[in-house]
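The values are calculated or read from the model by the stated rules, or taken from the named source; none is laboratory data. Note that the structure is predicted; figures quoted are calculated from it, not measured. Backbone-built Cβ (ideal geometry, glycine too); neighbour counts: all protein chains shown. These area figures cover heavy atoms from the full protein model, side chains too; ligands, DNA and RNA do not enter into them. Shrake-Rupley method; radii C 1.70, N 1.55, O 1.52, S 1.80 Å.
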Amino acid sequence: MSGASAREVARDVVLAVARDDAYANLLLPARIREAGLTPADAGFATELAYGTLRWQGQHDALIADAAGRSIDAIDPTTLATLRIGSHQLSRMRTPVHAAVHETVALLGSHRGRAGFANAVLRRLSEVPAEERLARLTADASDDDRLALETAHPAWVLRALRRTLDREGAGDELGALLAADNDPPAVQLVALPGIADPDAVDGAETASPIGRVAPPGDPARLPQVADGSWRVQDAGSQLAALALTRARPVQAGERWLDLCAGPGGKAALMAAEAAAAGATLEANELLPHRARLVREAVRGIQPRPDVVTGDGRRYGRGETAGAFDRVLLDAPCTGLGALRRRPEARWRKQPTDVPELAALQVELLEAAARAVAPGGLVAYVTCSPHLAETRAVVDRAAALGLVPVDTRAVVRELSPGIELGETGDAVQLWPHRNGTDAMFVQLLTTK
Ligand SMILES: C[S@@+](CC[C@H](N)C(=O)[O-])C[C@H]1O[C@@H](n2cnc3c(N)ncnc32)[C@H](O)[C@@H]1O
């Protein structure tokens, strides 16, 4: 294994995420291809980059302690190099010599930086990370200690705890935080009416039309290559199916996906609509994401209308009361998909929450105006934050919407699924259901 180039790819990705706000899941595959890494090196680079990003908060605390200075005082390239070094030392069991020497070598002949990085990594290698962390958190609150130990920002940890507490499951917090740090198996969906859920050999998931992908690149499966199967979390599948299968479909129904990009649920809804004689309109604010929706639904007949624009315009004029089923898969913090998006937990800020919650309420107002009398709205987020879930749904009554027993609908779809005490709503969890932490509330008109 030419570990040096794999390390360089991982370091460059960690650096680009911090410096340029890059997305690791987009950048890493491109960098691996450019560098021509072997499959083994690509695996090492992936584990190193994603792992470092996921545990970044903990690495930063360790590095600051060993360096005797704030991480803000370390230049970005050296810091990214130290982060991947710390990850190899504390979480990958890489031999110390390789973890220090090969990592420091990435800083080239810049003597000041390389000497500093060498000293910090040597110091890190001399004291086990747990010992250093125990010292660092000796006087910390329980939340701050757990946050550092599990590499979650404390505000995220508190938000997750509040939601679990609300369903009387506060004792599951540790399992949830551990699940967030466990890279998930890829899950697939067989598009209804197009693919056979038994055609792929994989374990069952929480979704009746899902399977766990066999090991390896899912894009190599013929069913994925021909578009009849898609990569999709089982929680997302259940959220879309809850809307499309909550009650029998009348031929000619009109469906709306208000926030459709990049189109995972739109493709599933389009297949469901085609099988039942309904039509789908998929809307997305951002033109480049609307293009992804068009690609996602290509090949599904009849082809859904994909339109670009602000979802808040719906429900006035000719779209007032025009749709029998409306999916509002709202823009959110994504705190329910942390296991999938390594850097996301460090990028989100508590100040994002009220801004998103206000937008979610406005989109729910549009959904309430656009749904036909007696029709269904599904309010969905891939965040379990109460401000983005219960607090938004609490506004539904004032908009003329009442809750539908969504737990009963999901139990019908997924017999035996474990659901918490969440009233009419469904809150899925990675540690419990093997899905992202999706929230789903079906609503109908009063
Ligand atoms: C959670 S994602 C939807 C995921 C999608 N349903 C899927 O399964 O692939 C939310 C989407 O809403 C879009 N969005 C944000 N603000 C919007 C608005 N005002 N109107 C419509 N879409 C919006 C975002 O660009 C993003 O693509």
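Can you pull out the residues in the stretch 367-415 that are over 17 Å from Cys332 (Cα atoms), within 16 Å of the ligand (Cβ to nearest atom) and assigned to a helix (DSSP H, G or I)?
Those that are over 17 Å from Cys332 (Cα atoms), within 16 Å of the ligand (Cβ to nearest atom) and assigned to a helix (DSSP H, G or I): Ala368, Arg369, Ala370.
Going through Ala203, Ala175, Ala179, Ala134 one at a time, which residue ends up being surrounded by fewer than 17 Cβ atoms within 10 Å (Cβ to Cβ) and touching a His at 6+ places or on another chain (Cβ under 6 Å)? Give the derivation first.
Numbers: Ala203 fails: touching a His at 6+ places or on another chain (Cβ under 6 Å); Ala179 fails: surrounded by fewer than 17 Cβ atoms within 10 Å (Cβ to Cβ); Ala134 fails: touching a His at 6+ places or on another chain (Cβ under 6 Å).
The conditions single out Ala175.
Failed condition for Leu280, given (1) crowded, with 22+ Cβ neighbours inside 10 Å; (2) within 24 Å of the chain's Cα centre (by Cα); (3) under 24 Å from Asp324 (Cβ atoms), with all others met?
Unmet for Leu280, out of (1) crowded, with 22+ Cβ neighbours inside 10 Å; (2) within 24 Å of the chain's Cα centre (by Cα); (3) under 24 Å from Asp324 (Cβ atoms): (2).
Give the residue that is surrounded by the most Cβ atoms within 10 Å (Cβ to Cβ), with candidates limited to residues of the stretch 297-309 that are within 15 Å of the ligand (Cβ to nearest atom) and of a type outside the set (A, V, I, L, M, F, W, C).
Filtering the stretch 297-309 down to residues within 15 Å of the ligand (Cβ to nearest atom) leaves 297-298, 300, 304-309.
Checking which are of a type outside the set (A, V, I, L, M, F, W, C) leaves us with 298, 304-305, 308-309.
Working: Arg298: 13, Pro304: 25, Asp305: 12, Thr308: 17, Gly309: 12.
Selected residue: Pro304.
Among the residues that make up the stretch 288-307, is at least one of them among the basic types (Lys, Arg) and in contact with an Asp or Glu (Cβ under 6 Å, 6 or more places away or on another chain)? Walk me through it before giving the result.
Our first condition is that a residue be among the basic types (Lys, Arg); within the stretch 288-307, this holds for 289, 291, 294, 298, 303.
Imposing the further condition that a residue be in contact with an Asp or Glu (Cβ under 6 Å, 6 or more places away or on another chain) reduces the set to none.
No - not one qualifying residue is present in the stretch 288-307.
Please verify whether the stretch 93-113 includes one or more residues that are within 26 Å of the chain's Cα centre (by Cα), open to solvent by 60 Å² or more (accessible area, probe 1.4 Å) and in contact (Cβ under 8 Å) with a residue 24 or more places away in the chain. Before you say what the answer is, go through the steps one by one.
First, the residues of the stretch 93-113 that are within 26 Å of the chain's Cα centre (by Cα): none.
No, the stretch 93-113 contains no residue that is within 26 Å of the chain's Cα centre (by Cα), open to solvent by 60 Å² or more (accessible area, probe 1.4 Å) and in contact (Cβ under 8 Å) with a residue 24 or more places away in the chain.
Name the residues in the stretch 24-59 that are without any contact (Cβ under 8 Å) to a residue 60 or more places away in the chain and farther than 18 Å from Thr94 by Cβ, would you?
Leu26, Leu27, Leu28, Pro29, Ala30, Arg31, Ile32, Arg33, Glu34, Ala35, Gly36, Pro39
Could you please find all residues in the stretch 334-351 being over 8 Å from the mean Cα position of the chain (by Cα), modelled with pLDDT of 95 or more and open to solvent by less than 10 Å² (accessible area, probe 1.4 Å)?
Arg345
Listed residues Gly235, Gly261; which is surrounded by 24 or more Cβ atoms within 10 Å (Cβ to Cβ), within 8 Å of the ligand (Cβ to nearest atom) and not in a strand (DSSP E or B)? Write out each step before concluding.
Working: Gly235 fails: within 8 Å of the ligand (Cβ to nearest atom).
Sole residue among the options that is surrounded by 24 or more Cβ atoms within 10 Å (Cβ to Cβ), within 8 Å of the ligand (Cβ to nearest atom) and not in a strand (DSSP E or B): Gly261.
List every residue pair whose Cβ atoms lie under 7 Å apart, where the two residues are 6 or more positions apart in sequence or sit on different chains, the first residue falls within the stretch 240-254 and is within 16 Å of the ligand (Cβ to nearest atom), and the second residue, located anywhere, is β-branched (Val, Ile, Thr).
Here the result reads Ala242/Thr406; Ala242/Val409; Ala242/Val410; Ala242/Val440, each pair linking the stretch 240-254 to a residue that is β-branched (Val, Ile, Thr).
Applying the selection to the stretch 352-393, what residues are open to solvent by less than 10 Å² (accessible area, probe 1.4 Å), of a type in the set (Gly, Ala, Ser) and under 13 Å from Phe439 (Cα atoms)?
Correct list: Ala378, Ser383.
For the stretch 264-277, which residues satisfy the criterion of being closer than 20 Å to Gly375 by Cα, within 9 Å of the ligand (Cβ to nearest atom) and open to solvent by 10 Å² or more (accessible area, probe 1.4 Å)?
Lys265, the sole residue that qualifies.
Any idea how many residues of the stretch 52-65 are under 16 Å from Pro342 (Cβ atoms) and open to solvent by 10 Å² or more (accessible area, probe 1.4 Å)?
First, pick out the residues of the stretch 52-65 that are under 16 Å from Pro342 (Cβ atoms): 52-60.
Next, only the ones that are open to solvent by 10 Å² or more (accessible area, probe 1.4 Å) stay: 54-57, 60.
Residues flagged as under 16 Å from Pro342 (Cβ atoms) and open to solvent by 10 Å² or more (accessible area, probe 1.4 Å) within the stretch 52-65 amount to 5.
Looking at the stretch 182-200, which of its residues are open to solvent by less than 50 Å² (accessible area, probe 1.4 Å) and within 22 Å of Cys382 (Cβ to Cβ)?
Pro184, Gln187, Leu188, Val189, Ala190, Leu191, Pro192
Need the failing condition index for Val326 against (1) within 15 Å of the ligand (Cβ to nearest atom); (2) in contact (Cβ under 8 Å) with a residue 60 or more places away in the chain; (3) in contact with an Asp or Glu (Cβ under 6 Å, 6 or more places away or on another chain), just the number.
(3)
Go through Arg294, Arg312 for me and flag whichever is within 9 Å of the ligand (Cβ to nearest atom), assigned by TED's automatic domain parsing to the domain that holds Leu376, open to solvent by 20 Å² or more (accessible area, probe 1.4 Å) and at pLDDT 95 or above. Spell out how you get there, then give the answer.
Details: Arg294 fails: within 9 Å of the ligand (Cβ to nearest atom).
After ruling out the rest, the residue left standing is Arg312.
Only residues in the stretch 142-154 that are in contact (Cβ under 8 Å) with a residue 40 or more places away in the chain count as the first member; pair them with residues that are aromatic (Phe, Trp, Tyr) and open to solvent by less than 50 Å² (accessible area, probe 1.4 Å), Cβ under 6 angstrom, at least 6 apart or cross-chain, and list the lot.
What qualifies is Ala151/Trp55.
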